[in-house]
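Student: Could you have a look at this structure, given as structure tokens, before my questions?
Just so it is clear, none of the values below were taken in a lab; they were calculated from the coordinates. Everything numeric here is computed off the predicted structure, so don't read it as measured data. Note that each Cβ is placed from the backbone with ideal geometry, even for glycine, and that neighbours are counted across all protein chains shown.
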Amino acid sequence: MNLFIKIFENFFRLLRRFTPRNDKSLSIVILLIIIASCSPALYLPTEKHAEQSGIPLASLQQGRQIYVDHCGSCHMLFLPNQFTATKWKNEMEAMRLKITFSELEKKLMLDYLLVEK
Ligand code: HEC
């Protein structure tokens, strides 16, 4: 934890040096933007998603896990709301040329990705 704080402090110092007028609040804003852009916004399925879709929560969680394990190695993990349902289905099929997954895995991934649609 101490190491983490040290790294953070040094990073902050470096950032301040490159910020015009040595403006403290501006460097904080930049830092927050960097942190926000790093944090994955891939939602965790909740009981509410399960209720609304009629898909068991465990299946949605499994679908998310398969997606995270299989689909982030070549490109970023695209967010569910980035594409329409049709585009997701087509791209999922197209990805079969690049990576193997079973019909069941495909279904679980799509269930998770499309649950908010
Ligand atoms: C072996 C590398 C690789 C893996 C693994 C992979 N992809 Fe891709 N994906 C690509 C490449 C390369 C493209 C760029 C266009 C193309 O060739 O279709 C792409 C494009 C996409 C797109 C379209 C993006 C856009 O902006 O139009 C989607 C959606 C996608 N992949 C989803 C997935 C999903 C879901 C999985 C997991 C099942 C996955 N990918 C796994 C290489 C991969």
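Student: I'd like to compare 77-89, 94-106, 56-68: which one has the highest average count of other Cβ atoms within 10 Å, and what's the full order after that?
Tutor: Result, highest mean first: 56-68, 77-89, 94-106.
Student: Now for a different question. What full-extension length gain, to one decimal in nm, is calculated for residue 65 and residue 10 as 0.36 nm per residue of separation minus the Cα-Cα distance?
Tutor: Full extension of this stretch gives 16.3 nm more.
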